[in-house]
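Below is one structure, written out as structure tokens, with a few remarks after it.
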Amino acid sequence: MKGEAGSKLHDEKPKQEGHIWGSMRRTAFILGSGLLLLVAFWNSVTWHLQRFWGASGHFWQAQWERLLSTFEGKEWMLFMMGATQVPSLFFWSFNGLLLVVDTTGKPNFISRYRIQVGKNEPVDPVKLRQSIRTVLFNQFMISLPMMLVLYPIHKLWGDPCRRELPTFHWFLLELAIFTLIEEVMFYYSHRLLHHPTFYKKIHKKHHEWTAPIGVISLYAHPVEHVVSNMLPAIVGPLVMGSHLTSITMWFSLALIITTISHCGYHLPFLPSPEFHDYHHLKFNQCYGVLGVLDHLHGTDTIFKQTKAYERHILLLGFTPLSESIPDTPKKMQ
């Protein structure tokens, strides 16, 4: 009997190894095929965008040179407009639309996508006015002087108002580097602000909103605004010696993304705000932007056990995820 059992185990071992190797080959084939398709798709998209960029390049170069001639000898004014005023215009245009929904609850086709149902319906007007005053203070009394001081420092690495515009592929590379730098700096500075030493005096102000709205993305203590809002976004362009056009697009994009993260609505075809919304709800989870460092440090483990995590996807339809993936009903006491 022992001999038969040993023979069976001996026969099963190669079968198991063959099964494992077969699974590994299939996995490698699937991953390899997916990677090739992704690269092909990415190359196709970038090729078409590069053609558009190249075709319109002469037009944009001419417009840029016209701006340079208009601000000749006053390039610092052009820099300030591009680095502060244009991104602020995008910020307030987007938040102006969201504030209509926050204060009136209308139109319904937007308010129905609210993440924390029953919160901010409508938003407290006194609390909102106080928050807007703080946001304006941060923008005009902190961000503006800070960028003015950084302009001569930026020029040491590369004149942001140089004549030649960046290429499309160079801008994509910059965007990737900016994003990675922001993720690292924001995660660790944000997590540091949650230390009891700093939370009560500095970061608690931002967390007054447990159900956030878009405009409070910049509602913060001045120290937090510099350390956690400004520096993670600024360091990338400084390191890369970026052109003003890259800086303008990056700052505008960063403000739009942080507004979406705080807006309180999981809208179709826009990045999911569930991750950061959950952070405002629970405080001790989801510190980053992309979620990569949260995964590495285990600061998203509780979030991953929730319905909010299931809803943390790009909504490609028009049915609110709060309806298709509702919260688990609370047990009756």
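The values are calculated or read from the model by the stated rules, or taken from the named source; none is laboratory data. Please read all numbers here as calculations on a predicted model, not as lab measurements. Counting neighbours? That spans all protein chains shown, and the Cβs are built from the backbone with ideal geometry, glycine included. Remember, those area values only see protein heavy atoms, side chains included, never the ligands or the DNA or RNA. Shrake-Rupley method; radii C 1.70, N 1.55, O 1.52, S 1.80 Å.
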With labels modelled as points extended 7 Å from the Cα through the Cβ direction, what inter-label distance (nm, one decimal) is found for ASP327 paired with GLU164?
5.6
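Order of 267-275, 290-298 by packing, highest average Cβ count within 10 Å first? Let's see the in-between values first.
On the way: 267-275: 17.4, 290-298: 14.9.
So the peptides 267-275, 290-298, ranked by packing, come out 267-275, 290-298.
How many percent of the accessible area of segment 89-320 is carbon or sulfur, using a 1.4 Å probe? Could the numbers behind the result be given before it?
Numbers: 7690 of 11030 Å².
For segment 89-320, the apolar C and S fraction of the accessible surface comes to 70 percent.
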Residues of segment 188-228 with the amide nitrogen closer than 18 Å to a label point 7 Å from the Cα of ASP124, along Cα-to-Cβ, please.
203-221
Taking the alpha-carbon centroid of each part, what is the distance from segment 283-333 to segment 222-261 in angstrom?
26
Need one number: nm distance between label points at ILE313 and LEU173, each 7 Å from Cα along Cα→Cβ, rounded to one decimal.
3.7
Distance in nm between THR103 and TYR151 label points, each 7 Å along Cα→Cβ, equals 3.3
Heavy-atom accessible area per residue, segment 89-320, 1.4 Å probe: how many Å²?
48
